[in-house]
Amino acid sequence: MREFQIDDSDISIKEANKEDLIDLNLCAKEFLQLIEDFKINFLNRKYFTLTAYYKKLLVGILVAEEKNHKVDSLEKIVPKTNLYLIYVNPNFRKNHIGKKILINYLTIQKKKGIASIFVELPHKYKKGIQFFQYNKFHQINKVKDKIILEINLWNDFGIRSSEFIANNLNDVFN
C-alpha cells in the first residue's frame with residue numbers, strides 16, 4: 001500500500017450532494033453497502049454525508065442520520081444522530097483526514113442543536129473504537145458483538161449556557 005503525506009490545507013470538507021454518489025461508490029462502495037438502503041436514502045437526503053477531497057480526489061467520507069423521534073419522554077426530546085461510517089482511503093490514512101471530517105461534523109451538529117451522537121462498532125474493530133475514544137466518545141453499551149459509543153454535545157439536557165441578569169448571585173437565589 002502506498003501512503004501519501006499531504007498538506008492539511010489541500011483537504012477540503014463539504015456536504016455531499018446527489019452528484020457525489022458516483023465518487024462515494026468509487027471511494028467506499030463495500031462499506032456503503034453495509035448501510036441499509038444507502039443509495040435511496042442518500043438520494044432522498046435522509047443521510048447527512050460529508051466528503052473530504054484531496055484536490056479533486058475523494059479520500060474520505062462520513063455518513064450519519066438524525067434520530068429525532070416523537071416526543072413521549074425526556075430521552076426522546078433530546079435530538080440525536082447516529083454516525084454510521086467514517087472512511088478514509090487507505091493510501092491517505094495517517095494524515096488526520098478522519099479527525100478533520102469528525103471535527104467538521106461535530107461542529108455542524110452542535111450548531112444544529114444536536115445533543116448527542118452515537119456510533120455502533122463491531123467489538124473486534126479495535127482501531128475504530130480507539131479512534132472514537134481518542135476523540136472524546138465513551139462506551140455506553142455492549143450488545144452482542146457490538147459496542148455503542150456516544151459523545152455528548154450538550155450538558156444538563158440542553159442547557160448549553162446561562163446568563164445571570166442580576167449583578168449579585170444572592171439576588172438570583174433568594
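The values are calculated or read from the model by the stated rules, or taken from the named source; none is laboratory data. As the structure is a prediction and not an experimental result, all values here were calculated from the model. Reconstructed Cβ throughout: ideal geometry from the backbone, glycine too, with neighbour counts over all protein chains shown.
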Determine which member of the set Q139, Q133 is touching a strand residue (DSSP E or B) at 6+ places or on another chain (Cβ under 9 Å), polar (S, T, N, Q), part of a helix (DSSP H, G or I) and at pLDDT 90 or above. Q133
Please determine whether any residue of the range 36-52 is part of a helix (DSSP H, G or I), within 23 Å of F132 (Cα to Cα), β-branched (V, I, T) and at pLDDT 90 or above. no
If you scan the range 123-133, which residues turn out to be surrounded by 12 or more Cβ atoms within 10 Å (Cβ to Cβ) and either under 15 Å from Y87 (Cα atoms) or under 17 Å from the mean Cα position of the chain (by Cα) (or both)? Y125, G128, I129, F131, F132, Q133
Which members of the range 108-130 meet the condition of being β-branched (V, I, T) and at pLDDT below 90? I114
On the basis of being surrounded by 15 or more Cβ atoms within 10 Å (Cβ to Cβ) and either under 19 Å from the mean Cα position of the chain (by Cα) or among the β-branched types (V, I, T) (or both), does I40 make the cut? no
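Could you check how many residues of the range 125-150 are hydroxyl-bearing (S, T, Y) and under 15 Å from I101 (Cβ atoms)?
1
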